[in-house]
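One structure below.
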Amino acid sequence: AQSVAQPEDQVNVAEGNPLTVKCTYSVSGNPYLFWYVQYPNRGLQFLLKYITGDNLVKGSYGFEAEFNKSQTSFHLKKPSALVSDSALYFCAVRDMRQAGTALIFGKGTTLSVSS
Amino acid sequence: NAGVMQNPRHLVRRRGQEARLRCSPMKGHSHVYWYRQLPEEGLKFMVYLQKENIIDESGMPKERFSAEFPKEGPSILRIQQVVRGDSAAYFCASSWTSGGTGGNEQFFGPGTRLTVL
């Protein structure tokens with residue numbers, strides 16, 4: 001079965017420190033991977049995606065993610081965290097059972113950046 | 001370019017009533033997806049529609065739930081005879097083409113928070 005796992009419910013970092021939010025996936029074939037961020041009482045905002053090509057993908061707000069095929073991981077990273085980065089982060093993979101359809105989401109990781 | 005619009009933002013219904021949730025996709029987008037987010041959980045896919053067609057409804061409950069995306073107007077998610085377990089945030093997303101032609105991201109609306117009393 002296709003799935004996404006975010007092993008950490010919460011990640012706490014100090015402002016200015018690097019942050020990593022972990023994501024692993026299980027799909028058949030080549031994955032299409034996405035990261036979204038959700039602020040309180042808001043919809044999801046697209047951060048970045050991996051389709052093919054370079055394993056390091058750069059996205060919005062200084063975020064990047066590294067695709068690792070051997071470890072089936074797609075961890076989200078940022079070199080220097082900001083308090084404003086505090087939010088709920090979702091990793092997602094496209095459901096390739098039927099082209100053009102759903103995203104399968106992880107349960108989300110709450111990122112808390114302290115000043 | 002306005003983003004994905006959803007209304008109402010908050011909806012309160014009593015058990016047994018009907019809930020209608022509306023979604024207007026981004027301009028130029030003809031693909032609409034509905035997701036449900038239960039408390040403390042990630043988003044779960046419900047249904048994927050193109051204009052006048054339901055393409056994939058594998059995530060929709062078999063009873064009481066229906067969706068449409070007419071030629072004119074917004075997409076509608078309809079829940080009949082609501083129960084307390086239907087309380088959740090319902091998100092609509094749109095894309096300009098299907099993911100089958102590439103990894104096209106979906107753009108999400110702000111959601112409708114349904115509370116069933």
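Structure notes:
- Using C-alpha pairs below 8 Å separated by at least 6 residues, the relative contact order for the range A:22-76 is 36 percent.
- GluC sites (Glu not before Pro) restricted to DSSP loop in the range B:10-100 with at most 15 other C-beta within 10 Å: B:GLU18, B:GLU40, B:GLU41, B:GLU52, B:GLU63, B:GLU72
- Per-residue mean of foreign Cβ neighbours for B:42-49 is 5 (Cβ atoms of other chains, 10 Å radius).
- Applying the Kirkwood pairwise sum to the alpha-carbon positions of chain A produces a hydrodynamic radius of 14.2 angstrom.
- Stokes-Einstein D for the protein assembly as shown, Kirkwood Rh over Cα pairs, 4 °C, 1.567 mPa s (µm²/s): 71 µm²/s
- Pairs of lysine residues in chain B that meet both criteria, 8 or more places apart or on different chains and Cα atoms under 20 Å apart, total 4.
- Under-14-angstrom lysine pairs by C-alpha in the range A:47-109, whenever the two are 8 or more apart or on separate chains: 4
- Estimated translational diffusion coefficient (Stokes-Einstein, Kirkwood radius over Cα pairs, 4 °C, 1.567 mPa s) of chain B: 91 µm² per second.
- Across the range B:48-89, the fraction of Cα-Cα pairs farther apart than 18 Å, rounded to a whole number, is 31%.
Laboratory data are not the source of any read-out in this text; all were calculated from the coordinates shown. Computed from a predicted model, the values in this text were never measured in an experiment. A quick note on method: Cβ atoms are made from the backbone with ideal geometry, for glycine too, and the neighbour counts reach across all protein chains shown.
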